[in-house]
């Protein structure tokens, strides 16, 4: 009695042994059949491996996006560069924020510091802001912002590739809405706030949005910044301040 090992198919091996033992099939034919089966099985396995490898190599890297919620470009999805530490503001938070700012954004001059994905700046421009300036240090994120501006054919957005603090050290022009969403746990908020006030970047009645890690205790804000709205979503706290005359 012969036993044929055909890959991992124990059932086939047992069946062939049974056929030979019972005399229902000649041993020589069983041997030839087993060899052909083994060759076919091996070819099928190789083909499956090649197909998996091809499918794996053809997969494109996943690209995130931000969605414009309302306005001129409502529903548009814009690609986002996958930079380390980049945290696009979620749709849930963004919708709440722009409900707060519904009367403030149209015809406003907006400043989006630490722009990253540009989600807040693009949303403002879509909602008829007069001018939006986005400031982003990361070169790849900056390039993606420029591409998105071009794809929207937007004429009310300016993108600046520089460090936000360096940008704010220049003499400023008054902005009505300012978005501050710095990288978490980098200690950038205090100096950002100070430079905005010192160098004339804020209109008298400016609205200032601050998004931070939940555990951060915000202190030492200017006395004329009055908390207007405040909420928490997961590990993120976000606040909207209204500036009054000092």
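The values are calculated or read from the model by the stated rules, or taken from the named source; none is laboratory data. Because the structure is predicted, anything quoted here is derived from the model rather than measured. Ideal geometry is used to build each Cβ from the backbone, glycine not excepted, and the neighbour counts take in all protein chains shown.
Would you kindly identify the strands (runs of 3 or more DSSP E) lying entirely within region 177-246 that contain at least 2 residues that are buried (at least 18 other Cβ atoms within 10 Å of the Cβ) and at pLDDT 95 or above?
Working: elements: 202-213, 225-233, 236-243.
Answer list for region 177-246: 202-213, 236-243.
What are the residue pairs meeting all of these: first residue in region 198-214, first residue over 20 Å from residue 230 (Cβ atoms), second residue loosely packed, with under 15 Cβ neighbours inside 10 Å, Cβ atoms under 6 Å, and 6 or more apart or on different chains?
As it stands, the answer is 199/171; 203/174; 204/245, since those pairs meet every condition given.
Do the conditions hold for residue 96, that is, is it touching a helix residue (DSSP H, G or I) at 6+ places or on another chain (Cβ under 9 Å) and over 21 Å from residue 155 (Cβ atoms)?
Details: touching a helix residue (DSSP H, G or I) at 6+ places or on another chain (Cβ under 9 Å): no; over 21 Å from residue 155 (Cβ atoms): yes.
No.
Confirm whether residue 168 is within 19 Å of the chain's Cα centre (by Cα) and in contact (Cβ under 8 Å) with a residue 12 or more places away in the chain.
Considered against the rule, which asks whether it is within 19 Å of the chain's Cα centre (by Cα) and in contact (Cβ under 8 Å) with a residue 12 or more places away in the chain, residue 168 comes out as no.
So if I check each of 111, 97, which one is in contact with a strand residue (DSSP E or B) (Cβ under 8 Å, 6 or more places away or on another chain), closer than 13 Å to residue 70 by Cβ and either in contact (Cβ under 8 Å) with a residue 60 or more places away in the chain or in the same structural domain as residue 70 (by TED's automatic domain parsing) (or both)?
Values: 111 fails: closer than 13 Å to residue 70 by Cβ.
97 is the lone residue from the list that is in contact with a strand residue (DSSP E or B) (Cβ under 8 Å, 6 or more places away or on another chain), closer than 13 Å to residue 70 by Cβ and either in contact (Cβ under 8 Å) with a residue 60 or more places away in the chain or in the same structural domain as residue 70 (by TED's automatic domain parsing) (or both).
Do we have residue 120 as crowded, with 24+ Cβ neighbours inside 10 Å, touching a strand residue (DSSP E or B) at 6+ places or on another chain (Cβ under 7 Å) and more than 22 Å from residue 193 (Cβ to Cβ) here?
Values: crowded, with 24+ Cβ neighbours inside 10 Å: yes; touching a strand residue (DSSP E or B) at 6+ places or on another chain (Cβ under 7 Å): yes; more than 22 Å from residue 193 (Cβ to Cβ): no.
No, not satisfied.
Taking residue 150 as the residue in question, decide whether it is closer than 28 Å to residue 66 by Cα and loosely packed, with under 14 Cβ neighbours inside 10 Å. First the steps, then the outcome.
Numbers: closer than 28 Å to residue 66 by Cα: yes; loosely packed, with under 14 Cβ neighbours inside 10 Å: yes.
Judged against the criteria, residue 150 is a match.
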